[in-house]
Amino acid sequence: MKKWLVQAQVFYPKAAQTIRNHLEGICNYFISRTTSGVMEGINNKAKLIMRQGFSSYVQITGLKVPSVRGKNFN
């Protein structure tokens with residue numbers, strides 16, 4: 001794999017560097033066949049709850065918040 005990465009560095013430097021940075025995790029996936037998908041789902045759910053809570057807080061208090069990425073919280 002490392003020999004291939006050296007050769008790939010010439011044509012795909014960013015992709016080769018990304019693979020090199022995550023090589024341990026990639027190899028661990030093939031050993032144990034587990035991913036961090038469940039934890040990612042929990043993190044996304046927590047972010048969603050926080051966003052919804054902030055939106056409710058803005059509506060209750062009448063706080064003036066500038067729009068973020070085109071979404072207006074008021």
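The values are calculated or read from the model by the stated rules, or taken from the named source; none is laboratory data. Just so it is clear, the model here is predicted, and its values are computed rather than measured. All Cβ positions, even for glycine, are placed from backbone atoms using ideal geometry, and neighbour counts span all protein chains on display.
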Unmet criterion (only one of (1) part of a helix (DSSP H, G or I); (2) at pLDDT below 85; (3) not hydrophobic (A, V, I, L, M, F, W, C)) for ASN44
(2)
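Looking at the stretch 19-61, which of its residues are of a type outside the set (Val, Ile, Thr) and under 24 Å from ALA8 (Cβ atoms)? Explain how you work it out, then say what you get.
First, pick out the residues of the stretch 19-61 that are of a type outside the set (Val, Ile, Thr): 20-25, 27-30, 32-33, 36-37, 39-41, 43-48, 50-57, 59.
Across the stretch 19-61, the qualifying residues are ARG20, ASN21, HIS22, LEU23, GLU24, GLY25, CYS27, ASN28, TYR29, PHE30.
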